[in-house]
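Trainee: Please read through the structure below; I'll follow up with questions.
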Amino acid sequence: MVQWLDERIYWTDSSVLTSSDPGNDLSGELHLFPNPVNRNENFSIRLDNNYDACKVNVYDSLGSKILSETMQNNVHYIQAPVNSGIYYIEVTNSNTRKTAALLVK
């Protein structure tokens, strides 16, 4: 039993990606501020690290894309949707995708 667990842990550890090329990677975290945000107010999207232009998509709770913009630097400002609810902010570049939830009150 112990040997099986050791083999399983080794298999899991060896299948985890431990490094990547930082040139096009959206490393770090995706931050939304303020969150929650009031309707029609501006909020900021900030990445800890960003090396390329990124695409920002905003989806409603049903999965419909309601906005698509290009993010040129580490901070981007967007006006919050008119309707209250939960929205999903997706930031992508050629290699990586980050997603965060935004509460609009």
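Trainee: I need the full set of residues from segment 80-105 which are of a type outside the set (Gly, Ala, Ser) and closer than 11 Å to VAL58 by Cα, in order please. Walk me through how you get there before you give the answer.
Mentor: Narrowing segment 80-105 to residues of a type outside the set (Gly, Ala, Ser): 81-83, 86-93, 95-99, 102-105.
Residues satisfying the conditions are PRO81, ILE86, TYR87, TYR88, ILE89, GLU90, VAL91, THR99, LEU102.
Trainee: So which residues in segment 31-61 are touching a strand residue (DSSP E or B) at 6+ places or on another chain (Cβ under 9 Å), aromatic (Phe, Trp, Tyr) and either farther than 13 Å from LYS105 by Cα or exposed (fewer than 14 other Cβ atoms within 10 Å of the Cβ) (or both), if there are any at all?
Mentor: Restricting attention to segment 31-61, the residues satisfying the condition of being touching a strand residue (DSSP E or B) at 6+ places or on another chain (Cβ under 9 Å) are 31-48, 50, 53-61.
When the remaining residues are screened for being aromatic (Phe, Trp, Tyr), the result is 33, 43, 59.
Listed by number, the residues that qualify are PHE33, TYR59.
Trainee: So which residues in segment 10-57 are modelled with pLDDT under 95, more than 16 Å from the chain's Cα centre (by Cα) and outside any loop (DSSP other than H, G, I, E, B)?
Mentor: Listed by number, the residues that qualify are TYR10, TRP11, THR12, ASP13, SER14, SER15.
Trainee: Only one of ASN42, ASN95, ASN83 is without any contact (Cβ under 8 Å) to a residue 40 or more places away in the chain and polar (S, T, N, Q); which? Before the answer, list the steps.
Mentor: Values: ASN95 fails: without any contact (Cβ under 8 Å) to a residue 40 or more places away in the chain; ASN83 fails: without any contact (Cβ under 8 Å) to a residue 40 or more places away in the chain.
Sole residue among the options that is without any contact (Cβ under 8 Å) to a residue 40 or more places away in the chain and polar (S, T, N, Q): ASN42.
Trainee: Here is a follow-up. For residues in segment 62-93 being over 20 Å from PRO34 (Cα atoms) and surrounded by 12 or more Cβ atoms within 10 Å (Cβ to Cβ), which is modelled with the highest pLDDT?
Mentor: Among residues in segment 62-93 that are over 20 Å from PRO34 (Cα atoms) and surrounded by 12 or more Cβ atoms within 10 Å (Cβ to Cβ), the one modelled with the highest pLDDT is THR92.
The values are calculated or read from the model by the stated rules, or taken from the named source; none is laboratory data. Note that the structure is a prediction, hence the values are computed from the model and not measured. Glycine gets a Cβ as well: all are built from the backbone with ideal geometry, and neighbour counts include every protein chain shown.
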